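Laboratory data are not the source of any read-out in this text; all were calculated from the coordinates shown. Keep in mind that this is a model prediction, so the values were computed, not measured. No Cβ is skipped: glycine too gets one built from the backbone with ideal geometry, and neighbour counts run over all protein chains shown.
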Amino acid sequence: MRRLTIPSNTLRDRAGADGSRVTYLELFFDLVFVFAITQLSHTLLDHLSVRGVLEVTVLLMATWWIWMYTTWATNWVDPLLGPVRLMLVLLMFGGLVFSTSIPEAFGDTALTLAIAYSVIQLGRTLFVISAFMGRREHLTMVRIAIWFAVSAPVWVAGALADGDARLALWVVALVIDYAAPAAGYRVPGLGAAASADWDISPGHMAERCGLFIIIALGESVLVSGATFSDLERTVPTIVAFVAAFAGSVTLWWIYFGTIAHQASRHFEEIANPGRMAVSAYTYLHLPIVAGIIVVAVGDELVLAHPEGTSDMQTVLTVLGGPMLFLLGTLLFKVVSAIGRFPVSHVVGLGLLAVLIPVAGDLSPVTLSLVTTAILFVVGGVESVATRRTERVASESLV
């Protein structure tokens, strides 16, 4: 019987007109992660405790790592071709199995989640190994497979354990998985991969990460709309709904109106895009996504109880979400080395921190309005500063 191999012509044709565009199948694949983000936000809402936050953080990091490595894969292999389409459809099904396991991941569905995660990561990597057969990148793909092969038994062992042992083992598994890119996938006897060896399409990577931000923001809008539709229309609930929507728009503005375009353009111009892809996109988009998810949870809490004083859960989510988001976008801009240092983000973080001692005395809807106003100021200041920087840069080229 003839051995099945993946033909080398499954790689993207970078010289072609469509060499870096995002395909419809990739957008279809993302639908699973719309569901995954919904599962994560609802799980966090149901487990708003220190332990719950830790558990959801583990699940978010695993979700992000599945999506991010698939984005790297489709940066190299062509989703318009049959074998790659089949791979993505199978990954989509695996992602759906993983996502349905999120609510009870620290309960009855732990083993399903761990197996789904490991099969997705190893299966996709083996496919890409075959696609790169005979090319210099092949050895790097082998290194990646080895790292996932090391973490997979830890994921399964965690699923078979209980309580604190499961959480601890899954944290160890994530440390292995997240340390791999930073360590250059170093393997004894094989050495490490150099960032200069990562031949990527910067435009594709930047667009894909931007689309995931849209997914997360879409979840925020969905949560607000679904919650509001079940509520009695009173002045406080209407104001809370408007504040939640305005907050989502402001988050979009801060990312897409002041950072994303600059970063993408800089990404296309630098000599070593692989290094920026790992640091600015692979790692630093995670706190941005996490911030949006926490914002969505805060919006739902405010909509459910807009009046009275704010309890600890409301304070932590309404303030913590924007703070995570601003910290992520600040680091993204700094590491991307685009434009100037975003002082507006530091000021915004400071204003949100100042609110912490008095937030419990404010009503949830008032706290939401004040937080949204701070984000709006950050977006406005950063937008003006970005336009000024771009105008100066264009004048210097004349």
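Where does each of 226-238, 70-82 land if you order them by average Cβ count within 10 Å, highest first?
Working: 226-238: 12.9, 70-82: 20.0.
Going from most to least packed, we get 70-82, 226-238.
Would you mind ranking F35, F93 so that the residue whose beta carbon has the fewest other beta carbons within 10 Å leads the list?
Numbers: F35 16, F93 13.
Sorted ascending by nearby Cβ count, the order is F93, F35.
Please give the calculated 222 nm ellipticity per residue for the chain, where each DSSP H segment of at least 4 residues contributes -39500 (n - 2.57) and the sum is spread over every residue; nearest 500 deg cm²/dmol?
Working: 14 runs with 296 residues, N = 398.
Calculated from helices alone, the mean residue ellipticity at 222 nm is -26000 deg cm²/dmol.
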Task: Residue with peak Gaussian network fluctuation, the chain [Cα springs, cutoff 10 Å], from V335, V50, V239 - done: V50
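On average over all directions, what projected area in square nanometres does the stretch 68-140 have, based on the convex hull of its Cα atoms? Intermediate results must be reported in sequence, preceding the final value.
Numbers: hull surface 20.6 nm².
That works out to 5.2 nm².
Please work out whether the chain counts as rounded, prolate or oblate from its C-alpha gyration tensor, where a ≥ b ≥ c are the square roots of the eigenvalues and a/c under 1.5 means rounded, while otherwise a/b larger than b/c means prolate and anything else oblate? Intermediate values should be presented prior to the final figure.
Details: a/c = 1.98, a/b = 1.33, b/c = 1.49.
In terms of gyration-tensor shape, oblate.
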Open item on the list: Neighbour counts of other C-beta atoms within 10 Å: give me L362, L111 arranged from fewest to most.
Closed with: L111, L362
Open item on the list: Give me the extension gain from A157 to D46: residue separation times 0.36 nm, minus the current Cα-Cα distance, reported in nm with one decimal.
Closed with: 37.4 nm
Task: Using θ = phi - 60° and Karplus 6.51 cos²θ - 1.76 cosθ + 1.60, couplings along the stretch 233-245 (whole Hz; Gly, Pro as x) - done: 7, 10, 4, x, 5, 5, 5, 4, 5, 5, 5, 5, 5
Task: V77 long-range amide H proximity, modeled H, under 5 Å - done: R12
Task: Compactness index (Cα Rg / 2.2 N^0.38 Å), the stretch 11-197 - done: 1.06
TODO: May I ask you to sort V22, V358 by Cβ crowding, counting other Cβ atoms within 10 Å and putting the fewest first?
DONE: V358, V22
- [ ] Calculate, in nm to one decimal, what D164 and R387 gain on full extension: separation in residues at 0.36 nm each, minus their alpha carbon distance.
- [x] 75.3 nm
Open item on the list: What translational diffusion coefficient, to the nearest whole µm²/s, does the stretch 202-397 have by Stokes-Einstein, given a Kirkwood radius computed over alpha-carbon pairs, a temperature of 10 °C and 1.306 mPa s viscosity?
Closed with: 92
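Would you work out the relative contact order for the stretch 11-197, in percent, from Cα pairs under 8 angstrom that are 6 or more residues apart?
On the way: 182 pairs, mean separation 36.5, N = 187.
In percent, rounded to a whole number, it is 20.
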Task: Per-residue ³J(HN,Hα) for the stretch 130-135, Karplus 6.51 cos²θ - 1.76 cosθ + 1.60, θ = phi - 60°, Hz, x for Gly and Pro - done: 5, 5, 8, 3, x, 10
Task: HN-Hα J in Hz across the stretch 291-298 - Karplus 6.51, -1.76, 1.60, θ = phi - 60°, x for Gly and Pro - done: x, 5, 5, 5, 4, 4, 5, x
Open item on the list: Given R₀ = 56 Å, what would the calculated FRET efficiency be for L231 paired with L80, taking r from the Cβ atoms and rounding to 0.05?
Closed with: 0.80
